[in-house]
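Below is one structure, written out as structure tokens; comments come after it.
What follows draws every value from the coordinates through simple rules; no lab data is involved. Since we're looking at a predicted model, the values are computed, not measured. Cβ sites come from the backbone with ideal geometry, for glycine too, and all protein chains shown count toward neighbours.
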């Protein structure tokens, strides 16, 4: 059922009820007039009343619809305003979070720049310190090289004597000049035989190192003994063993509690004896 049909039914009910009320209030004279009216006149009057009722009902409906539209519009506007306010608050919160994160990132970036500058400064200091250490070790290396040259000259193998008498005469002279008794050293390695393997080279190097240490001890007034010679040979074997395993001069010196120049001297003698 449409709205128009409902309206017509309501109007009919109203007229029906009104007819009973009018019938009670009409006088006999009025009833006579109504009775005298024709059916067409009654139809015209009814149509006029129905048209007026339709107009009133349409106006009432339009007014009600307009009122409901206004209420709905106000409600939607209110809801939209509340949503917009919530979105604005959320956007403000998001912007604050972004600003806070930006400030933290800038702070971290500043810290990284400071650390970079500090690392650059430390790197420069390390380079300067390494340069100073290198320059301070250069005289020590030069002294070690000089010490390495002196024993090598002192222990150069003399020409093989033609007789046993010449060899015996030479031994006292070498002992008198260098303060080193090399008779035992000469016996350990024949004059006419060259080292045939790495073991021979190691022995020769150890012997040369022992002689060099003896020579240096003699030069500085240190007494030369068999125990010192054995320690030097043991150190020589240990140094060569560590050198063959890939250790550097500094590492070998730290492990054996020896000087870097001494380690370098023994390794250089070993390389020359190969």
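Summary table
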| item | result |
| --- | --- |
| Cα-projected label distance for residue 2 with residue 88, points at 7 Å along beta-carbon direction, nm | 4.7 nm |
| Per-pair calculated FRET efficiency, R0 = 51 Å: residue 79 and residue 9 via Cβ, rounded to 0.05 | 0.85 |
| Two-site FRET efficiency, residue 271 against residue 238, from Cβ-Cβ distance with R₀ of 30 Å, rounded to 0.05 | 0.95 |
